[in-house]
1. Past the 25 Å Cα-Cα mark, which pairs from Lys71/Lys97; Lys65/Lys97; Lys58/Lys97; Lys47/Lys92?
2. Long-range amide H contacts for Ile37: which residues qualify at under 5 Å (H placed 1.01 Å from N, peptide plane, sequence gap of 5 or more or a different chain)?
3. Whole-Hz Karplus ³J(HN,Hα) for the range 88-97, in order, using 6.51 cos²θ - 1.76 cosθ + 1.60 and θ = phi - 60°, x for Gly and Pro?
4. For the chain, what is the percent of antiparallel DSSP beta bridges, rounded to the nearest 5?
5. Which net charge results for the neighbourhood of Asn85, defined as the other residues with beta-carbon distances under 12 angstrom from its beta-carbon, given Lys and Arg at +1 and Asp and Glu at -1?
6. Would you calculate, for the chain, the mean residue ellipticity at 222 nm contributed by helices, counting each DSSP H stretch of 4 or more residues as -39,500 (n - 2.57) and dividing by all residues, to the nearest 500?
7. Could you give me the percent of Cα pairs per 5 Å distance bin for the chain, shortest bin first, beginning at zero and ending with the bin that holds the maximum distance?
8. Give the separation of the Cα centroids, the range 78-115 to the range 33-76, in Å.
Amino acid sequence: MIVGVQGTSSFSDYNVFLRAVGVALSSMPVEDEHVYIYTAGPANINKMVMEFVNVAEKGMKSRGKKIKMIKVAPSWILDNILDVNYFVYLSKPNEGKSRLVTQAQLNNVEFGVFQY
């Protein structure tokens, strides 16, 4: 399973981030053994993803699954949007959506916009 994550530099609520990742992973097929989280930044979002992957790694391993974080440019997700199983966008309510949200919507990729 591939989860794409992007957010704004003003987003800072780790609990909302955890809820977003939980929603994304709940759609994971049982037979998938690998979870790849492609994070397109900014730095605060990358840190949240890194922390989550580090904490979740042991629990996933006990269930026979592997989780890995990969930092990418937003253009990589844009070019590979059809390979993404779920796209997460994190922002504050008054901020607009990124181009990646529009692309996910146009390509019928499951996505969630999580705001606080």
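Taken together, the values in this text are just the output of simple stated rules run on the coordinates, not laboratory data. No experiment lies behind these values; they were computed from the predicted model shown. Positions of Cβ are backbone-derived with ideal geometry, glycine not excepted, and every protein chain shown enters the neighbour counts.
1. From the list (Lys71/Lys97; Lys65/Lys97; Lys58/Lys97; Lys47/Lys92), the Cα-Cα distance tops 25 Å for Lys65/Lys97; Lys58/Lys97.
2. Counting only residues 5 or more places away or on other chains, the set is Val3, Lys68, Met69, Ile70.
3. Once rounded to whole Hz, the list reads 10, 10, 10, 7, 8, x, 7, 9, x, 8.
4. In the chain, approximately 0 percent of DSSP beta bridges are antiparallel ones.
5. Value of the local net charge: -3.
6. -12500 deg cm²/dmol
7. P(r) for the chain, in whole percents per bin: 2, 12, 24, 27, 21, 10, 4, 1, 0.
8. 17
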